[in-house]
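The values are calculated or read from the model by the stated rules, or taken from the named source; none is laboratory data. Keep in mind the model is a prediction, meaning the values are calculated, not measured. Ideal geometry is used to build each Cβ from the backbone, glycine not excepted, and the neighbour counts take in all protein chains shown.
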Amino acid sequence: MRTALVTGASRGLGRAIATGLAESGWRLVLTARHPGDLATVAAELRRYTDVTALAGDLTVPEHRAAVVAAAAGEGDAARLDLLVNNAGILGPSPQPRLADYPVDVLRNVYEINVLAPIALAQLALPALRAANGVLVNITSDAAVEGYEGWGGYGSAKAAVEQASRILAAEEPNIRVWWVDPGDMRTRMHQEAFPGEDISDRPLPETVVPAFLRLLDDRPASGRYRLPELLTAGAAR
């Protein structure tokens, strides 16, 4: 049975991806910061597959080690088919201009959105190599577009994209994908636009078929936009 480690799995895109993987028969190890929400998701998904849920903070080294061990095992036999680095934070809401962004808050955004996923990938890489696995870093169009007010989150995602490019060059025996899911109707997206109606955005579940097709097709390492993959799939 293939095993996936999904971070930020208690809501939004992480929950949707975890559900799609569970329904496809993957064994799951899930993590998120809020124990109650994570336990609810795990209980729902155990109808389909084996699920381990470990709540905690991915900026803490001991928690990173625990979730990788739970997903991959330990020692020479450690193997992991898929790591989805989805966990992250928006930062302040409403988002400040860079000229006014508190540096201590920006440091925390980078700690959670950049350093934690890189550190988790470092721990998981031996097991991913053993399984010829896949590393997915969830990104955003804010990483490549100069949206006013997105200097903290967007520049953090840009750092993740460049780290992904370098990992792809350094790790030829695994797939490294940085995946842009597009605008979605999630709590984080609502926080980015406080007081606005975002009901016109699609739910995260709508892009999961494109994510699963990535896993089936296993294209080369690179950047992929799930809405474009959905359109391409419809044209087949």
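Among helices (runs of 4 or more DSSP H) entirely within the stretch 77-180, having at least 1 residues that are among the aromatic types (Phe, Trp, Tyr) singles out 103-110, 151-170. Scanning the stretch 194-236 for residues that are aliphatic (A, V, I, L, M), exposed (fewer than 11 other Cβ atoms within 10 Å of the Cβ) and modelled with pLDDT of 85 or more yields a single hit, Ala220.
For Glu191, indicate whether it is among the acidic types (Asp, Glu) and modelled with pLDDT under 75. Yes: the conditions hold for Glu191. Scanning the stretch 151-170 for any residue that is touching a residue at least 24 places away in the same chain (Cβ under 8 Å), of a type in the set (Asp, Glu) and in contact with a helix residue (DSSP H, G or I) (Cβ under 7 Å, 6 or more places away or on another chain) turns up at least one such residue.
Once the stretch 22-38 is narrowed to residues that are of a type outside the set (D, E, K, R) and without any contact (Cβ under 8 Å) to a residue 40 or more places away in the chain, the residue that is surrounded by the most Cβ atoms within 10 Å (Cβ to Cβ) is Leu30. With the structure loaded, tell me whether Ala43 is surrounded by fewer than 16 Cβ atoms within 10 Å (Cβ to Cβ), more than 22 Å from Gln122 (Cα to Cα) and in contact (Cβ under 8 Å) with a residue 12 or more places away in the chain or whether it fails that test. Judged against the criteria, Ala43 is not a match.
Being more than 16 Å from the chain's Cα centre (by Cα), more than 20 Å from Ile166 (Cβ to Cβ) and not in a helix (DSSP H, G or I) is the filter here; which residues of the stretch 208-232 pass it? Result: Arg218, single match. Filtering the stretch 57-69 for residues that are surrounded by fewer than 23 Cβ atoms within 10 Å (Cβ to Cβ), part of a loop (DSSP other than H, G, I, E, B) and in contact with a strand residue (DSSP E or B) (Cβ under 8 Å, 6 or more places away or on another chain) leaves an empty set.
I'm trying to understand the selection: among the residues of the stretch 1-43, which are among the basic types (Lys, Arg) and out of contact with any helix residue (DSSP H, G or I) (no Cβ under 8 Å at 6 or more places or on another chain)? Working first, answer last.
Looking only at the stretch 1-43, we keep the residues that are among the basic types (Lys, Arg), and these are 2, 11, 15, 27, 33.
The answer is Arg2, Arg27, Arg33.
Filter the stretch 1-47 down to the residues that are assigned to a loop (DSSP other than H, G, I, E, B), modelled with pLDDT of 95 or more and aliphatic (A, V, I, L, M) and list them by number. Within the stretch 1-47, Ala9, Ala32 meet the criteria.
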